[in-house]
Amino acid sequence: MKKTEKIDPRSLIKVIYEDNHLIAINKPAGYLVQGDKTGDMPLSDMVKQWIKMRYNKPGNVFCGVIHRLDRPVSGVLIFARTSKALPRMNKLFEERKITKTYWAITKERPEPIAGKIENFLLKDKSKNVTKAYNSVGRRTAGAKKAISEYEVIGGLEQHSLVKVNPITGRPHQIRVHLAGIGCPIMGDLKYGFKHPADDGRIYLHCREIEFMHPVKKEMVKIKANLPREHWWGKFANSFEN
């Protein structure tokens, strides 16, 4: 993906929830959450700039990374605006007190059309690839239990729209789990799809996150509309409400 240093965050950042402690955006595919060796400007820095410009704040702006979405994935992405909210939100994620819903487009239709996937996932950090195992032994030391629930919620032109609720939060979990049942996500060359998407995205979108606000102590539900490009646009017109 292209370098992002010259992008005005006001033209890219779409805020879908904000209060004094948290800010959530609809992440576009193709952008990093945190900086890496590519040198591309991450969304964490762009959100800082957005806050600074929006509220004309002098000096440094706090923006804590709570969770991540893979670079080619879109959807709900939450940052902490205060040092008080950051560790509390991190704890909610660690304790699985966050309900996450993803939508994915697959070429193959999952059979059965609804179910639960359970196995153990181990990430090879040197290759940035996660592998699934049915059991753990000496050769798979470090693999962690991974659970996802899925359901086919729509179809269009022989493509399936699949809702996935990851019960755990392992690296590349949904991508590996859908590929493991013979339904790799469209555009996901790393996990078995045959052709890249025109813009390099994979068709996985964090549709909704629900949790108890760590400061206000009230339920918060944040939903991100689907992108309007390519296949997402077709499904958005038929299934989004």
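Bear in mind these aren't lab numbers, they're just calculated from the coordinates by the rules spelled out. Small disclaimer: the values here were computed from a predicted structure and weren't measured. Cβ: placed from backbone, ideal geometry, glycine included. Neighbour counts: every protein chain shown.
Couple of notes before you dig in:
- Cα gyration tensor category, rounded, prolate or oblate, for segment 29-106 with a/c compared to 1.5: oblate
- For the chain, the relative contact order works out to 19 percent when only alpha carbon pairs closer than 8 Å and six or more residues apart are counted.
- Charged neighbours of LYS97, selected by a Cβ distance under 12 Å, balance to +1 (K, R count +1; D, E count -1).
- Around ALA224: net Lys/Arg minus Asp/Glu count, Cβ-Cβ under 10 Å: +3
- Base-10 log of normalised Debye intensity for the chain (one unit scatterer per alpha-carbon) at q = 0.13, 0.14 Å⁻¹: -0.84, -0.97
- Contour minus Cα-Cα distance for MET219 and LYS144 (0.36 nm per residue): 24.1 nm
- Estimated FRET transfer efficiency (HIS230, VAL61; beta-carbon r; R0 35 Å; 0.05): 0.55
- Note on LYS37: lysines with a C-alpha under 26 Å away, same-chain residues under 8 apart excluded, are LYS2, LYS3, LYS6, LYS14, LYS27, LYS48, LYS52, LYS123, LYS125, LYS127, LYS131, LYS190.
- Separation in nanometres of the label points that stand 7 Å from Cα toward Cβ, at LYS131 and LEU12: 3.5
- Computed about its Cα centre, the charge dipole of the chain is approximately 800 debye, with only Lys, Arg, Asp and Glu carrying charge at their Cβ.
- Pairwise centroid distance, computed over Cα atoms, of segment 131-187 with segment 79-103, Å: 22
- Listed residue (ILE7, MET53, CYS63) projecting farthest to the positive dipole end of the chain, Cβ model: CYS63
- The chain, helix-only ellipticity at 222 nm - DSSP H runs n ≥ 4, -39,500 (n - 2.57), divided by all residues, nearest 500: -5500 deg cm²/dmol
- Under 15 Å, Cβ to Cβ, from GLU157 - net charge with Lys/Arg +1 and Asp/Glu -1: +2
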